[in-house]
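Notes to accompany the following structure.
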Amino acid sequence: MTTANNSGDKIYIFDTTLRDGEQSAGIAFTMDEKVEIARQLAKLNVDIIEAGFPATSPGDREAISAIAREVKGPVIAGLARAVMADIDHAYEAVRGAESPRIHVFLSSSDIHLAQQLRKNREDVIEMARAAVAHAKKYVSDVEFSPMDATRSDREFLHQIVQAAIEEGATTVNIPDTVGYAIPHEFEDLIRSIAENVPNIDRARISVHCQNDLGMATANSLAGILGGARQVEGTINGIGERAGNAALEEVVMAIHTRPDFMHVRTDVNTREFYAASQLVERYSGMTLQPHKAIVGKNAFRHSSGIHQDGILKMRETYEIMDPRVIGIPEGNSIVLTKVSGSHAVKSRLADLGVEPTDAEFKRIFDAFKDVADAKDEVDDRDLMAILAEQTQISVQDAWTLDLVQVSSSDHGAPTASVRLVDSEGQPRMDAAIGTGPVDAIYRAINRALGLENELIEFSVKSVTEGIDAQGEVTIRIRTDGGIYQGRASDTDILVAAGRAYVHAVNRSIAAAQRAEAVSSR
Ligand code: KIV
């Protein structure tokens, strides 16, 4: 059950999608993409956006400055090593922000000190002091992170945190840099800082957990229980190696379990889905279907027992309301071989079909045969079963006979289409759009005199290589119903056009079936 959570201490949400997230192998956001993601993060109402690591490149600096100038609301942070030139760059990049922050990091574990920094503990404490003091000359909001904190000697960790606060750090972040911590141990570590660092009341404790052992979300929550009041993470959990804590998971856990966590966030959770889609698209990191909160299957039910429960009362098998995450309403019941009669009947009803008991028995038996041979029985399969088992048969109303697109980096994409009806009568039209797919869909709508809302569009490669088949899946909303269309072709624009006509045919067929049933 999704429960509104307005009580308890506030947890500050620090998003590092654009910094640690971009550190994932294979991700390089363009400047425009970074600004767009930052705007979406502002809509999500995160408290801090770590916009990048300014010393790494002039391009990063430019993008951070653009975000600092243009994105209002959250604090804008820039990362810096404990090196004066890095801190200068960080200040230059974030200085235009409404609320700028400099985030300084320096290793604290013995292994990093010996192998990487080649310095002793005393020198490292002095470096931390000098770096924080230097950042403090520029901004009042300074965060300090002792890198590899979870493998550092506890007493030394307490000392370095204390020194950073003495120099003016207002947030002390405890990173599990290599994803090594176990939740109980991490909670205890954070509590030890809260209880043993004498000046800790002058700073907020933050946690930053990597996911190498799959425990980033669990460790972040354990950190909160230990006393942390800021959590760092990324959208979809992207980041170095196995990634960072996924913010949608941490925030939804806080939101869903206020009875246990006793804290709150100011995040506008309804923007999570849009943020996730945007980051998936620009990062090229495709989400696994079972990804918690935002994966395609996160709110889809396949087993008969679960479907029966969901159809009776959603809360029987859903602990969150997908609308609270901003997931567009769709069909959450997936028909597979483990589905029961209740779900099949309900899907038929959605399609406007109410068979008699005798008809339904035949339909359900045929459904089980098809489901044995396929992963998922979709509406098209159901229509075929229906046509076979009853007198209600509906032919495809339209076939896409030709699609031609002209598109360039200047000027609006234009599409012309020719469709033919079941008697071979053609209809042609053309349209311009914001992109080639939009142009095709507008041309089809003009040719058929339709208005549909496209609510989902996805493309995946179903074979490999330069001649790969692209499979396009779409969903449209029309006349109160949601219809899926799917098609594949080596040309994804052709596949996109056919998938759209497929969905349109289904909506027409559903209307015809409803009419046929009501006139029986
Ligand atoms: O993982 C890590 O230690 C970091 C710090 C810079 C916070 O990313």
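The values are calculated or read from the model by the stated rules, or taken from the named source; none is laboratory data. Here the structure is a predicted model, which is why all the values come from computation and not from measurement. Positions of Cβ are generated from backbone atoms using ideal geometry, with glycine treated the same way; all protein chains shown enter the neighbour counts. The accessibility values were calculated without ligands, DNA or RNA, using every heavy atom of the protein model including side chains. Shrake-Rupley method; radii C 1.70, N 1.55, O 1.52, S 1.80 Å.
Below is a table of values for the structure above.
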item	result
Single residue of Ile87, Ile102 found to be more than 13 Å from the ligand (Cβ to nearest atom), in contact (Cβ under 8 Å) with a residue 24 or more places away in the chain, surrounded by 24 or more Cβ atoms within 10 Å (Cβ to Cβ) and under 34 Å from the mean Cα position of the chain (by Cα)	Ile87
Residue in segment 378-396 that is modelled with pLDDT of 85 or more, among the small types (Gly, Ala, Ser), outside the structural domain of Gln484 (by TED's automatic domain parsing) and open to solvent by less than 70 Å² (accessible area, probe 1.4 Å) present	no
Among (1) open to solvent by 30 Å² or more (accessible area, probe 1.4 Å); (2) within 16 Å of the ligand (Cβ to nearest atom); (3) over 19 Å from His290 (Cβ atoms) - the single one Asp266 does not satisfy	(2)
Subset tally (residues that are in a helix (DSSP H, G or I) and touching a residue at least 12 places away in the same chain (Cβ under 8 Å)) for segment 260-276	9
Check on Gly179, within 15 Å of the ligand (Cβ to nearest atom) and on the phi > 0 side of the Ramachandran plot	yes
Matching residues, segment 482-502, being open to solvent by 40 Å² or more (accessible area, probe 1.4 Å) and not in a strand (DSSP E or B)	Thr490, Asp491, Ile492, Leu493, Arg498
Total residues in segment 363-377, condition surrounded by 15 or more Cβ atoms within 10 Å (Cβ to Cβ) and either of a type outside the set (Val, Ile, Thr) or in the same structural domain as Gln484 (by TED's automatic domain parsing) (or both)	4
Qualifying residue in segment 107-124 (condition: open to solvent by 10 Å² or more (accessible area, probe 1.4 Å), touching a residue at least 40 places away in the same chain (Cβ under 8 Å) and more than 30 Å from Tyr273 (Cβ to Cβ))	yes
Which listed residue is open to solvent by 40 Å² or more (accessible area, probe 1.4 Å), of a type in the set (A, V, I, L, M, F, W, C) and either in contact with a Cys (Cβ under 6 Å, 6 or more places away or on another chain) or part of a loop (DSSP other than H, G, I, E, B) (or both), from Ala242, Ala169	Ala242
Segment 407-449: number of residues that are without any contact (Cβ under 8 Å) to a residue 12 or more places away in the chain and among the aliphatic types (A, V, I, L, M)	0
Among the candidates Ser192, Ser220, residue that is over 27 Å from the mean Cα position of the chain (by Cα) and not in a strand (DSSP E or B)	Ser192
So Ala82, is it open to solvent by less than 70 Å² (accessible area, probe 1.4 Å) and within 16 Å of the ligand (Cβ to nearest atom)	yes
Flag if Val71 is modelled with pLDDT of 95 or more, open to solvent by less than 10 Å² (accessible area, probe 1.4 Å) and either of a type in the set (Phe, Trp, Tyr) or over 24 Å from Val207 (Cα atoms) (or both)	yes
Members of segment 202-217 that are open to solvent by less than 10 Å² (accessible area, probe 1.4 Å) and part of a helix (DSSP H, G or I)	Ala216
Those residues of segment 292-323 which are among the aliphatic types (A, V, I, L, M) and crowded, with 18+ Cβ neighbours inside 10 Å, in sequence order	Ile293, Val294, Ala298, Ile310, Met320
Output for segment 47-68, where each listed residue is more than 16 Å from the ligand (Cβ to nearest atom) and open to solvent by less than 10 Å² (accessible area, probe 1.4 Å)	Ala63, Ala66, Ile67, Ala68
Boolean, Lys43 is open to solvent by 70 Å² or more (accessible area, probe 1.4 Å) and within 20 Å of Arg270 (Cβ to Cβ)	yes
Filter result for the condition that a residue is within 15 Å of the ligand (Cβ to nearest atom), of a type outside the set (Lys, Arg) and under 21 Å from Phe14 (Cβ atoms), over Ser140, Ser206	Ser206
